[in-house]
Amino acid sequence: LNKNPIGIFDSGIGGLTVVKAVKKILPNEDIVYLGDTARLPYGTKSTDAIIQFSKEDTQFLVDRGAKYVVIACYSSASVALDIVRKRFSVPVIGVIEPGVRRALQITKTGKIGVIGTSLTIFSGAYEKAFKELGADSEILGKACPLFVPLVEEGWLEHDATKLIARDYLEQLKKDNVDTLLLGCTHYPLLMKVIREIMGDINYVDASTEVGVELAQNLAELDMKNPSGAGDTGIYLTDLSMNFKEIGERFLGEPMKNFSRVSLKSTEAAR
Ligand code: DGL
């Protein structure tokens, strides 16, 4: 038993999709969420910068008593998971492996497409994870950097979004992948457009899988909080324009309990 909160961080508010999934599976757990909106996006920045930011984000959550840390940002998880795991004593889970495991369960042809930010795709993290999980699948990655601003703009079904999506996904469609991994917090919101182009194949949104693995891990480590209130505290490093509207789009419910924080106190993580 451990009544401390679960810590979840993302580059911004997209990671609230993971919060939503975790709340559904673990309704009694308290959650402390950090969205680094002041430094968003992560997916177009360098590996070094994102490793540094990820350490600071984790430190913030640990300072707030997180018993377990979830890296909800695919770009962070791609480049910083191992480093964060080594540096902190709390258990840490990322969003890459749970999705890979799920994709391997459902693929029939072994031809798997992965879409994500430029950092995620070019890091090679997905290829590495597939290899480590012993699969000899064919992994076809495609960076879709324009998807994040389109989702933030709310252009979920806009003609421009369809045009861009067609361009990005054309090759994966031609290559006949039978499973597509949505390797970014924002992409589940584009599911309708993506499905229109890719058709009736398997889709993996890792947020649910992360919730399931987290629940299993907490049970194994005897760290569950079965009687908690299920409170969610949302901390953002900038209350950016439209953050509430965008956040509620991800969370699927009104956003309460949020405040702006500065990560100055985490300078020690440098
Ligand atoms: N959260 C990021 C990810 O999942 C997308 C937004 C960004 O680039 O910061 O990769």
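The values are calculated or read from the model by the stated rules, or taken from the named source; none is laboratory data. Remember, it's a predicted structure, so these values are computed and weren't measured experimentally. Ideal geometry is used to build each Cβ from the backbone, glycine not excepted, and the neighbour counts take in all protein chains shown. With ligands, DNA and RNA removed, areas are computed over all heavy atoms of the protein, side chains included. Shrake-Rupley method; radii C 1.70, N 1.55, O 1.52, S 1.80 Å.
Overview of results
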| read-out | value |
| --- | --- |
| Surface accessible to a 1.4 Å probe, per residue, for the residues of the stretch 1-110, Å² | 35 Å² |
| Rounded accessible area of Tyr168 (nearest 10 Å², 1.4 Å probe) | 30 Å² |
| Built amide H within the under 5 Å cut-off of Val204, gap 5+ | Leu180, Leu181, Leu182 |
| Residues of the stretch 207-262: accessible area per residue with a 1.4 Å probe, Å² | 53 Å² |
| Vicinal HN-Hα couplings computed from phi for the stretch 198-209 (Karplus, 6.51 cos²θ - 1.76 cosθ + 1.60; Hz; Gly/Pro x) | 8, x, 8, 10, 7, 10, 10, 10, 5, 4, 5, 5 |
| Contact order relative to length of the stretch 215-265, as percent, for alpha carbon pairs under 8 angstrom and 6 or more apart | 40 percent |
| Nearest-10 value in Å² for the accessible area of Asp48, using the 1.4 Å probe | 120 Å² |
| Stretchable slack from Asp159 to Asn242, in nm (0.36 nm times residue separation minus alpha-carbon distance) | 27.7 nm |
| Across Lys3/Lys86; Lys3/Lys256; Lys142/Lys162; Lys20/Lys128, pairs whose alpha-carbon gap is larger than 18 Å | Lys3/Lys86; Lys3/Lys256; Lys20/Lys128 |
| Of all accessible heavy-atom area on the stretch 1-152, the percent that carbon and sulfur account for (1.4 Å) | 51 percent |
| Integer Hz, Karplus 6.51/-1.76/1.60 couplings in order for the stretch 189-197, x for Gly and Pro | 6, 9, 3, 4, 5, 5, 5, 4, 8 |
| Ala38 paired with Lys108, simple spin-label distance in nm, labels 7 Å along Cα-to-beta-carbon | 5.1 nm |
| Nearest-10 value in Å² for the accessible area of Arg101, using the 1.4 Å probe | 80 Å² |
| Highest to lowest packing among 64-77, 153-166, 197-210, 107-120, scored as the average C-beta count within 10 Å | 64-77, 107-120, 197-210, 153-166 |
| Cα centroid separation - the stretch 85-149 against the stretch 166-225, whole Å | 10 Å |
| For the stretch 95-134, alpha-carbon Rg over 2.2 N^0.38 Å | 1.11 |
| Normalised contact order of the chain, rounded percent, pairs of Cα under 8 Å and 6 or more residues apart | 30 percent |
| Cα-derived Rg to Rh of the chain, Kirkwood definition | 0.95 |
| Listed residues Glu220, Glu213 arranged by accessible area, highest first, probe 1.4 Å | Glu220, Glu213 |
| Relative contact order of the stretch 86-152, pairs being alpha-carbon contacts under 8 Å that are 6 or more residues apart, as % | 36 percent |
| Share of Cα-Cα pairs in the stretch 34-185 lying beyond 24 Å, as whole percent | 37 percent |
| Estimated distance in nm for a label pair at Ile83 and Asp175, the labels positioned 7 Å out from Cα along Cα-to-Cβ | 2.7 nm |
| Estimated FRET transfer efficiency (Arg166, Asn257; beta-carbon r; R0 41 Å; 0.05) | 0.55 |
| Rounded percent of accessible protein surface that carbon and sulfur make up, the stretch 188-270, 1.4 Å probe | 48 percent |
